[in-house]
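What follows is calculated from the coordinates using simple rules that are stated; it is not laboratory data. What you see is a predicted model, and the numbers here were worked out from it, not measured in a lab.
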Amino acid sequence: MDWNGYRDELMGRIGDLAKLSPDTVNGYMTASAAGSKTNHLDAKTRQLISLAVAVTTRCDGCITVHAKEAVKEGATEAEISEALGVAVAMNAGAALVYSARALDAVKSVEL
C-alpha cells in the first residue's frame, strides 16, 4: 500500500466533505484539538494513543495520518511498537470480555 499517496488522497476527500458539510468536519477538528488545549499529555503521547486506537478500530486513514504525526512528534519505532502492543492486548481483552457476554447470552436462551 502506498500510505503516503493514500494519506494525500484522503486529505483531499476530507476537504471535499468539508465543503459539503463544514460543521461535521469542524466538529471533528474541535474534538481532535481538545487534548492539545489542556496539554496534560504531550503531542507524541497523544499520537501514540491515536495510532493504537486506529489499529483497534481498523481505520487505515487514521493509521496513515497518526503514523506520520507520531514520527513527526519524535516517536521511535520501539515506542510505536509498544503502543501497538497495548492495542493488541486491548483487542484480545475486548474479545475476552465479549466472549463472557456471549456466554451469558447463550445461558439466557429459553427454548
Compactness summary of the chain: radius of gyration and Dmax from Cα atoms, Å, are 18.0, 58
Evaluate the relative contact order of the range 1-90 (contact order divided by residue number), counting alpha-carbon pairs under 8 angstrom at least 6 apart; express in whole percent.
29 percent
Once each part is reduced to its C-alpha centroid, what is the distance from the range 93-107 to the range 23-74 in angstrom?
30 Å
How many lysine pairs are close in the range 3-108, with Cα atoms under 23 Å apart and the two 8 or more places apart or on different chains?
4
